[in-house]
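In what follows, a structure is listed as structure tokens, so that the remarks can point back to it.
The values are calculated or read from the model by the stated rules, or taken from the named source; none is laboratory data. Everything numeric here is computed off the predicted structure, so don't read it as measured data. Note: ideal-geometry Cβ built from the backbone for every residue, glycine included; neighbour counts use all protein chains shown. Just so you know, the surface numbers come from the protein's heavy atoms only, side chains and all, with ligands and any DNA or RNA stripped out. Shrake-Rupley method; radii C 1.70, N 1.55, O 1.52, S 1.80 Å.
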Amino acid sequence: MSRSDRSSLLLAGLLAAAGTTHFTTPRRFDHIVPRSLPGSPRAWTYASGAAELALAAGVALPQTRRVAALATAAFFVGVFPANVKMAVDRRRRPAPQQAAAWGRLPLQLPLVLWARGVAKSAERAA
């Protein structure tokens with residue numbers, strides 16, 4: 001298995017794991033849904049979990065990998081406001097929880113770059 005295939009499958013696994021947790025422990029995600037979004041937070045939790053599962057399937061399949069990886073990069077940008085909200089909301093929590101919440105923010109950039117790299121590898125392989 002090539003390095004780019006391993007990277008793609010690892011990204012797909014990350015997305016699948018994250019998407020699954022939106023359904024198994026939705027309360028963890030409900031509170032970080034920005035209040036400015038219409039509808040219930042639970043609906044957004046389930047929608048984002050379903051999106052992650054669909055993206056995982058798309059990234060895992062070579063035929064859809066490029067488009068799904070680009071969509072994944074856009075998804076990571078799109079959920080950034082929820083991660084900011086989580087960090088701001090945890091201002092008064094114990095230091096380890098604050099550090100974890102704030103630490104997630106700079107990780108979004110490598111995730112976006114990873115997804116874009118998977119898309120570029122898929123384009124070269126096509």
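Summary table
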| item | result |
| --- | --- |
| Candidates Ala50, Ala60, Ala99: whichever shows maximal mean-square fluctuation once the chain is modelled as a Gaussian network with Cα springs under 10 Å | Ala99 |
| Trypsin sites (Lys or Arg not before Pro) restricted to segment 12-83 and DSSP loop, no more than 11 other C-beta within 10 Å | Arg35 |
| Heavy atoms of Leu107 accessible to a 1.4 Å probe, total area in Å² rounded to 10 | 100 Å² |
| 0 to 90° range, to nearest 10: angle between helix 3-24 axis and the chain longest Cα axis | 30 degrees |
| Solvent-accessible surface (1.4 angstrom probe) belonging to Thr25, in square angstrom, nearest 10 | 50 Å² |
| Cβ-placed point charges (K, R +1; D, E -1), dipole of the chain about Cα centre in debye, nearest 20 | 340 debye |
| Where labels lie 7 Å past Cα in the beta-carbon direction, separation of Ala17 and Asp5 in nm | 2.2 nm |
| Euclidean distance between Cα centres, segment 15-67 to segment 68-126, Å | 13 Å |
| Modelled FRET efficiency - R0 30 Å, Ser36 with Thr64, Cβ distances, 0.05 increments | 0.40 |
| Length gained when the stretch Arg27-Leu107 is fully extended (0.36 nm per residue, less Cα-Cα span) | 26.6 nm |
| Surface accessible to a 1.4 Å probe, Val84 within the full protein complex, Å² | 50 Å² |
| Å² per residue, accessible surface of the chain at 1.4 Å | 60 Å² |
